[in-house]
């Protein structure tokens, strides 16, 4: 761990193929479960490289980060009912790694104004983490999701598989 510019924490890790990956203001660790009774402002990690890779892959797709005022950031995942198996496999991944509660994904109903059709699906959120702020800053500018110029340095094979 190296203390970088503006007191940010700089970490260097190696993926399975020994590719050097750097994460700033993020924490990575293997197989750590987070305590559910902990206030989210105090829940900072460390985080598993596979979990960070899946989160980045989800943000590049349908997943989004929800900024909770004064608390931190949580990942929100929502899929239509035809992708139920995919969503439940993501839920199992995050649950097994200690990133969400044991409550199964919720079923939701959505009606779009002007359309007479009702959509059904499932959704779940991860716990809120103070240490996900760097991910939010990486992908969101003025409340809009954007893809930065140097995002490829965070790619792993797992990121691309999601």
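Each value in this text was obtained by applying a stated rule to the coordinates, not by laboratory testing. Predicted model, so just to flag it, every value in this text is computed and none were measured. Glycine gets a Cβ as well: all are built from the backbone with ideal geometry, and neighbour counts include every protein chain shown.
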Review point. Could you state the number of Å between the C-alpha centres of region 73-91 and region 98-162?
Key: 9
Check your understanding: Where does each of 102-115, 59-72 land if you order them by average Cβ count within 10 Å, highest first?
Key -> 59-72, 102-115
Practice item. Per residue, how big is the convex hull around the C-alpha atoms of region 64-161? Give it to me in cubic angstrom, could you? Key: 148
Study note, to complete from the structure: Here region 47-98 gives, from Cα atoms, an Rg and Dmax in Å of 11.6, 36
Point to revise | Over 15 Å [Cα-Cα, region 112-162], rounded percent | key: 70
Point to revise | Sorted by Cβ density within 10 Å, fewest first, the residues 124, 129 | key: 124, 129
Check your understanding: How do 87, 75 rank when sorted from fewest to most other Cβ atoms within 10 Å of their own Cβ?
Key -> 87, 75
**Study point:** Kirkwood-type radius of region 95-136, with distances r between different C-alpha atoms, in Å
**Key:** 13.0
Practice item. Only Cα pairs under 8 Å and at least 6 apart count here; give the relative contact order of region 42-162 as a rounded whole percent. Key: 36
